[in-house]
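See below for the structure under consideration.
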Amino acid sequence: MKRFVGTVAVVTGAGSGIGEQTAVRLAEEGAKLVLVGRTRSKLERVAALINHLTKETAAEVFQADVTDEEAVVELAQFVKNNYEQLDVVINNAGASGKSRILDLQTKEWERIQDTNAKSVFLVSKHLGQLLIRGGKDKDRTIVNVASLSGHKAGAMIPHYSSSKAAVINFTKALAVEMAPYGVRVNSVSPGFAETPLTEEGLKNRRFEESIVENTALRRVGKPEEIANVIVFAASKESSYMTGSDLLVDGGWMIT
Ligand SMILES: NC(=O)c1ccc[n+]([C@@H]2O[C@H](COP(=O)([O-])OP(=O)(O)OC[C@H]3O[C@@H](n4cnc5c(N)ncnc54)[C@H](OP(=O)(O)O)[C@@H]3O)[C@@H](O)[C@H]2O)c1
């Protein structure tokens, strides 16, 4: 089933991990993609992969730091100038760190808040203006990638956990504001998935074992398993869902 034929989607943090898998899935289902991130080479690799898979130029690259409002305004301008419409925005870019609260440097607090929470605000604000132009009869969606940690604060990641809790709450506020325009807004909260973000931690066998022990499904997730749910939330199949958070944690919260 090709659920995204005739649609245009912007995916932030599309150069690796969950964002890459989401972009690939959307393209396989017919979407045109704008891949956003700070590292051009990573985005170009994903664009080449997608364009090879789809046998056309389905993906374009836009290099931007989504914590920088000027860059996000330029992204909105690029989409407006190059595409007739915008249907889907996936706010996936994110970063993590590790610190006790009492040792946490203010700059590091700001880096994590900016990357995870401020970016969602900026992209939703500026690309939201394009989404609402579509008219009420067409399904348009924003999916924000939050985290299991936004539901349950994790040790040593207070800045990350609080930024992701903000994303879950912001999603609900945005869903109320966008509903009159026919734009649905939901978040997806992954548990542990194997990506560059978790690579370092997962090299530690005791850390991986503790994840497996605390996860009902007894394994770490794959980025494509998160992407599948993001794509569902972005698709018409979830047409009566807005302001929701979808927890995709292999059963971490129930153990
Ligand atoms: N993996 C997990 O277990 C897990 C669990 C819960 C939630 N998540 C969330 O899932 C999302 C994707 O993470 P991932 O696991 O797939 O990790 P990842 O592979 O590190 O992906 C994050 C992407 O975001 C981009 N990015 C970071 N800062 C950016 C900025 N300021 N502007 C633009 N792009 C930026 C990065 O590319 P550049 O550095 O090139 O910009 C990178 O490609 C994140 O929001 C993360 O918090 C992941």
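The values are calculated or read from the model by the stated rules, or taken from the named source; none is laboratory data. Predicted model, so just to flag it, every value in this text is computed and none were measured. Note: ideal-geometry Cβ built from the backbone for every residue, glycine included; neighbour counts use all protein chains shown.
For region 91-112, give me each residue that is under 15 Å from the mean Cα position of the chain (by Cα) and surrounded by fewer than 23 Cβ atoms within 10 Å (Cβ to Cβ).
Scanning region 91-112 gives Ala95, Ser96.
Looking at Asn204, Asn186, which one is away from the ligand (no atom under 11 Å from the Cβ) and within 15 Å of the chain's Cα centre (by Cα)? Step through it out loud before you land on a result.
Values: Asn204 fails: within 15 Å of the chain's Cα centre (by Cα).
Exactly one residue qualifies, and that residue is Asn186.
Of all residues in region 123-162 being of a type outside the set (Gly, Ala, Ser) and in a loop (DSSP other than H, G, I, E, B), which is modelled with the lowest pLDDT?
Quick first cut of region 123-162, residues of a type outside the set (Gly, Ala, Ser) only: 123, 125-127, 129-133, 136-145, 148, 151-152, 156-160.
Narrowing further to those that are in a loop (DSSP other than H, G, I, E, B): 136-139, 151-152, 156-157.
Details: Lys136: 72, Asp137: 75, Lys138: 85, Asp139: 91, His151: 98, Lys152: 97, Met156: 95, Ile157: 97.
Across region 123-162, the extreme among qualifying residues is Lys136.
From the residues in region 163-177 that are crowded, with 18+ Cβ neighbours inside 10 Å and of a type outside the set (A, V, I, L, M, F, W, C), which one is farthest from the ligand (Cβ to nearest atom)?
Filtering first and then ranking leaves Thr171.
Could you please give the count of residues in region 121-148 that are near the ligand (Cβ under 9 Å from one of its atoms) and buried (at least 22 other Cβ atoms within 10 Å of the Cβ)? Walk me through how you get there before you give the answer.
Going through region 121-148, the residues near the ligand (Cβ under 9 Å from one of its atoms) turn out to be 144-148.
From what is left, the residues that are buried (at least 22 other Cβ atoms within 10 Å of the Cβ) are 144-147.
Adding up the residues that qualify gives 4.
Against the conditions (1) closer than 30 Å to Ile132 by Cβ; (2) among the hydrophobic types (A, V, I, L, M, F, W, C); (3) within 9 Å of the ligand (Cβ to nearest atom), where does Val220 fall short? Just the number, please.
Result: Val220 passes all but (1).
Need a quick list: helices (runs of 4 or more DSSP H) entirely within region 178-252 having at least 2 residues that are in contact with a Lys or Arg (Cβ under 9 Å, 6 or more places away or on another chain) and surrounded by 13 or more Cβ atoms within 10 Å (Cβ to Cβ). Please lay out each step first, then the result.
Working: elements: 196-202, 205-214, 223-234.
Answer list for region 178-252: 205-214, 223-234.
Does Gly191 satisfy the criteria of being on the phi > 0 side of the Ramachandran plot and either in contact with a Cys (Cβ under 9 Å, 6 or more places away or on another chain) or in contact (Cβ under 8 Å) with a residue 60 or more places away in the chain (or both)?
No; evaluated as a whole, the condition is false for this residue.
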